[in-house]
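Here's the structure, in structure tokens; my notes come after.
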Amino acid sequence: MASNGHTENTASMKRNKSFTELLGDNLTFDVKAEVFLDGHVKSMDQYNQMHKQSVEDPESFWTKIANQFYWKEKWSGKFMEYNFDVRKGDIFIKFMEGGKTNICYNVLDRVAQETPDKIAFYWEGNDPANCKTYTYKQLLDEVCKFSNVLKSKGLKKGDRVALYMPMIIELVVAMLACARIGIIHSIVFAGFSADSLAERLKDGDCSLLITADYSVRGDKSIDLKTVADNALKECGEDGVDIKMCIVVKNSSAEGDGTHSPKQKKAKTSVSWNEDVDLWWHDLMTGASNDCQCEWMDAEDPLFILYTSGSTGKPKGVLHTTAGYMLYAATTFKYSFDYHEGEVYWCTADIGWITGHSYIVYGPMANAATSVMFEGTPLYPDAGRMWAVVEKYKVSKFYTAPTAIRMLMKFSDDFVKKYDRSSLKVLGTVGEPINPEAWLWYYKIVGEERCSIVDTFWQTETGGHVIGGMPGATMMKPGSASFPFFGAVPVIMDEDGKEKEGVEVDQGYLVFKQPWPGLMRTLYGNHSRYQAAYFERFPGYYCAGDGAYRDKDGYYWITGRIDDLMNVSGHLLSTAQVESAIVEHSSISEAAVVGYPHPVKGTGIYCFVTPKNGIRFCDALVSELKQKVRTRIGPIATPDVIHEAPGLPKTRSGKIMRRILRKIAAGQTDIGDTTTLADSTVVDKLFTNRPQQ
Ligand code: ATP
Ligand code: MG
């Protein structure tokens, strides 16, 4: 049957809405006002007024914030200039042209001068017995020393340096040292394979790689140096000669009696190439802790970071200096309602944008004290997160739905056994959070006292673009709520028309004008940048996600555009079907994709992971189908339910639906899998495909 066109689509969206109403749209939670008496934003009126100013008069809104930073020279050109319309010429975005500043100076020197002993990071090792503190002054000394090391090796402004490192303080030191002297850092998550690392080294044309001998996570030890060696070899074979590799001797990986025998054994030697490799500690010995900053133009590049690769070849997103600095600082302050003296913890890895903006630049720009965590949520047991919260009296906590869903599988006792009374704000990022997980986070972790902020954003956006204001925004589980300052989201229909009115059906999420943190290009590939983000809807930045707006103006992200399914002419979102499935008490996780169906055009194919100890059987399959029918409607009844002991995920924990679509369609060529965290799960899915 062919698509039935627009009318039917709208009707189906209404049906979808009634599902969300049952579960979500009308389910609102107020925050405990007494927890947020001193909130930066005290009411929705205040938020609305601030948001209005930020989009109607960006210059005065951001200038007030920019004045809190140090500028070697104030900008002389226009505050904001851009072209979002490919029909009018090349896309460009510029903020504060002519201004000169340095982000390292702003986030580090200034705090170290005023409060040298303030703790920048409580570093918590993989091994709970292993922890250290770093003050702003200590960090500044290390950063200056390493900047001098980089200079002594001939590196200069504009060069690219890749960092492939575990969550150790040297990673922060290296990135800030790059920023200090104008080197563009390109951080590659240390869980990536040699192929993925090589691909990123080549794409960024990097002249130096910084790595560590080992990284430890849970009871595993990863030999990073060997991966780095293999990546450098691959680069050499392709004519990209990287002549230097600086290696940190990772002391947290030095078995200290608490490591497993397997880990200790792994750490006896490290491969070494005298022509290329240099030990970090040798270079740092005797380096001076006095290093002037390089004053950077507002639009000078700060870093390259590759998107996590859920949808194909990763894109080298380029962020520049001043706009990113303002945006990371401001989003951090308001989304987490951060106040002087509070302890903040973001569990992401610095290898992702979340770590860039919300472990390093954003918190430090607010002179925050953060926890930096080397380990994993399940080591030594499923209570680790909450043990760390108790230990440091964490007040603002930021994690991903994938981590929440994983921890929910275990007994709530792992949470309850620790004191969480310090917590005030619980953030989430990375994927739509299903209401089940939201409620667990709110009730069990936050004791119904904390504000949950669901932050929607992307590597490309530099910082949060949709998310609530703790203390002011009523919460709706599953909705990221309202736009952040500077962002003007719009929901587009298929034909490029803005959907008008407050309440609108699902469409494409696009943005009408830039905010300071939006990326400026894809490194070395401006035409791919224009094609990927600006050609589909000329005049708008197209995020690539679907969304709708409810009657109260809340934004609901429904997943990637690629994940919308056109079933017998009805547009359904995979996230909605998944939410219905995981409501079933036997299921811990689900991923839904469309597949070619002879009658419907697209059929609904569901991969489900039963909870520990639950047997997958026909009765369960019928119950799941029934659950979706009653929640969404008969149109959404799953065609196939496939038991998935594990789901293919990116190394940042996102489900890779691109691969699941291939499996569902019965195709064996699944394409690039280098960004996959564990490729064995794919083999398992091929072997237990159900009969159709
Ligand atoms: P690639 O672009 O290479 O496929 P990626 O999109 O996973 O990778 P990121 O930039 O890390 O890389 O992730 C941004 C995407 O994550 C968003 O476009 C959206 O799909 C999803 N996302 C992030 N936060 C949220 C959220 N709060 N709610 C819903 N979706 C979210
Ligand atoms: Mg993306």
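The values are calculated or read from the model by the stated rules, or taken from the named source; none is laboratory data. The model shown is predicted, which means the values in this text are computed figures rather than measured ones. Every residue, glycine as well, gets a Cβ built from its backbone with ideal geometry; the counts of neighbours run over all protein chains shown.
Say whether the condition of being under 18 Å from G362 (Cα atoms), surrounded by fewer than 24 Cβ atoms within 10 Å (Cβ to Cβ) and of a type outside the set (S, T, Y) is met by at least one residue in segment 444-454. The answer is no; no qualifying residue exists.
Scoring K153 on the criteria (1) touching a residue at least 12 places away in the same chain (Cβ under 8 Å); (2) touching a Gly at 6+ places or on another chain (Cβ under 7 Å); (3) surrounded by fewer than 20 Cβ atoms within 10 Å (Cβ to Cβ); (4) farther than 22 Å from L318 by Cα leaves a single failure, condition (2). Only residues that are in contact with a helix residue (DSSP H, G or I) (Cβ under 7 Å, 6 or more places away or on another chain) and either surrounded by fewer than 20 Cβ atoms within 10 Å (Cβ to Cβ) or assigned to a helix (DSSP H, G or I) (or both) were counted in segment 92-116, giving 10. Counting only residues that are crowded, with 21+ Cβ neighbours inside 10 Å and farther than 30 Å from A472 by Cβ, segment 538-563 holds 1 of them.
Looking only at residues in segment 561-587 that are modelled with pLDDT of 85 or more and either within 16 Å of ligand 2 (Cβ to nearest atom) or within 22 Å of the chain's Cα centre (by Cα) (or both), the one that is farthest from N688 (Cα to Cα) is S579.
Annotation: P377 fulfils all but one of (1) in contact with a Leu (Cβ under 8 Å, 6 or more places away or on another chain); (2) assigned to a helix (DSSP H, G or I); (3) not acidic (D, E); the unmet one is (2).
Can you tell me which residue in segment 564-583 is surrounded by the most Cβ atoms within 10 Å (Cβ to Cβ), limited to those that are part of a strand (DSSP E or B) and within 13 Å of ligand 1 (Cβ to nearest atom)?
Among them, the one singled out is S573.
Within the option set A365, A387, A382, being away from ligand 1 (no atom under 16 Å from the Cβ), of a type in the set (G, A, S), buried (at least 24 other Cβ atoms within 10 Å of the Cβ) and over 15 Å from the mean Cα position of the chain (by Cα) holds for one residue only, A365. Remark: pairs (first residue in segment 514-538, over 20 Å from F456 (Cα atoms); second residue outside any loop (DSSP other than H, G, I, E, B) and β-branched (V, I, T); Cβ separation under 8 Å; 6+ apart in sequence or on different chains) = L522/V317; Y523/I304; Y523/V317; Y529/T521; Q530/V86; E535/V86; F537/V510; P538/V86. In a residue-by-residue description of segment 396-412, the property of being over 25 Å from F192 (Cβ atoms), modelled with pLDDT of 95 or more, away from ligand 2 (no atom under 16 Å from the Cβ) and under 21 Å from the mean Cα position of the chain (by Cα) applies to at least one position.
So which strands (runs of 3 or more DSSP E) are wholly in segment 292-370 and hold at least 2 residues that are within 16 Å of ligand 2 (Cβ to nearest atom) and under 27 Å from L150 (Cβ atoms)?
Qualifying strands (runs of 3 or more DSSP E): 301-306, 316-320.
Name the residues in segment 590-636 that are hydroxyl-bearing (S, T, Y), out of contact with any Gly (no Cβ under 6 Å at 6 or more places or on another chain) and under 25 Å from M656 (Cβ atoms), would you?
Y605, T609
Take G653 and decide whether it is within 16 Å of ligand 1 (Cβ to nearest atom), part of a loop (DSSP other than H, G, I, E, B), closer than 25 Å to G430 by Cβ and not aliphatic (A, V, I, L, M). Here the answer is yes, as G653 does meet what is asked. For segment 596-617, the count of residues that are in contact with a strand residue (DSSP E or B) (Cβ under 7 Å, 6 or more places away or on another chain), part of a loop (DSSP other than H, G, I, E, B) and among the basic types (K, R) is nonzero.
Tell me which residues, restricted to segment 646-692, are exposed (fewer than 13 other Cβ atoms within 10 Å of the Cβ) and closer than 23 Å to I433 by Cα. Hit for segment 646-692 is D678, nothing else. Given the structure, is L326 surrounded by 18 or more Cβ atoms within 10 Å (Cβ to Cβ), within 24 Å of G468 (Cα to Cα) and not basic (K, R)? Yes. Taking each residue of segment 360-387 that is more than 23 Å from D413 (Cβ to Cβ) and looking for partners that are modelled with pLDDT under 95 and of a type in the set (D, E, K, R) with beta-carbon atoms closer than 8 Å, six or more apart or interchain, yields E374/R217.
Within segment 75-91, the set of residues being in contact with a helix residue (DSSP H, G or I) (Cβ under 9 Å, 6 or more places away or on another chain) and either within 28 Å of Y47 (Cα to Cα) or assigned to a helix (DSSP H, G or I) (or both) comprises W75, K78, F79, M80, V86.
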